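Single-structure report; data block below.
The values are calculated or read from the model by the stated rules, or taken from the named source; none is laboratory data. Please read these numbers as outputs of a predicted model, since none were measured by experiment. Cβ sites come from the backbone with ideal geometry, for glycine too, and all protein chains shown count toward neighbours. SASA here: full protein model, heavy atoms, side chains in, ligands and nucleic acids out. Shrake-Rupley method; radii C 1.70, N 1.55, O 1.52, S 1.80 Å.
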Amino acid sequence: MQKAYEYIEGKRAIIEALDANCKIKRIFCMSKPDKKILDIVKNIEYCDKQKLDSMSHHGSHQGIIAEVESFRYASMNDIPDNDRSLVVVLDHIVDAGNLGAIIRSADAVGADAVIIPKQRAASITAATYKSSAGAVFNIPVIQVANLNQALEQLKSRGYWSYAASEHTDTLIWDADLKGKVALIMGAEHDGVSPLVLKNSDFVVKLPIDGKVESLNVAQAATACMYEWARQNA
């Protein structure tokens, strides 16, 4: 059962959460926090570094941790009906840092939503708050039971689906990404799953001219998203 709260670590991530109207229940800190935090959060508990270390997921709390209610996911109905739209679909990304970085890039390019599966995938946690730099509060993040059904819903709304995979000769630079696009990024080691790949309208890849075989999924997703943004500028 999911716990009723999560922790956000670090001053910047906490202020981003406040700016996005995230309800913070309590602040744990070693010293008097930023005035903006003091003005909004009244329940403040001063403690030592040892306690913060015991609460921290990744050891970079910077002397302050916020307790918030568990993240509330959006629904497919929250995707706005825009003629120019990008929805990023993540096929079982398991690393919370990668998930947060992708959400941050999606927010940066003006994507309308990020879709993730409920099972066998990273979800929105304290680590994601941190790596997204607060972007999880700026863009709808939708958790679905079945990615293929979600893609079918998007197709019914006029989206074309593009799966990023090395198993193609088509470079993303040569694809027509204008309009409504569902960009599918696969898991860190396995890539896009066979059924999702089969159900995609197009399969594209980034060029690799150096000695490395592939990019980190967050890096690849960012490059693909900015190509969508470039074509739709």
**Prompt:** What number of residues within segment 8-43 satisfy the criterion of being free of Cβ contacts under 8 Å to residues at least 12 places away in the same chain and among the acidic types (D, E)?
**Reply:** 1
**Request:** Go through segment 160-233 and tell me which strands (runs of 3 or more DSSP E), entirely inside it, have 3 or more residues that are open to solvent by less than 50 Å² (accessible area, probe 1.4 Å) and within 25 Å of D81 (Cβ to Cβ).
**Result:** 160-164, 180-186
**Request:** Check off (1) under 26 Å from T222 (Cβ atoms); (2) in a strand (DSSP E or B) for F28 and give me the number that stays unchecked.
**Result:** (1)
**Fill in**
In segment 64-117, residues that are out of contact with any helix residue (DSSP H, G or I) (no Cβ under 7 Å at 6 or more places or on another chain), open to solvent by 20 Å² or more (accessible area, probe 1.4 Å), over 23 Å from R12 (Cβ atoms) and in contact (Cβ under 8 Å) with a residue 40 or more places away in the chain total 10
**Request:** Scan segment 126-146 residue by residue and report those that are open to solvent by less than 40 Å² (accessible area, probe 1.4 Å) and either in contact with a strand residue (DSSP E or B) (Cβ under 8 Å, 6 or more places away or on another chain) or assigned to a helix (DSSP H, G or I) (or both).
**Result:** A126, A127, T128, Y129, S131, A135, V136, I139, P140, V141, I142, V144
**Prompt:** In this structure, does E152 turn out to be surrounded by fewer than 16 Cβ atoms within 10 Å (Cβ to Cβ) and at pLDDT 95 or above?
**Reply:** yes
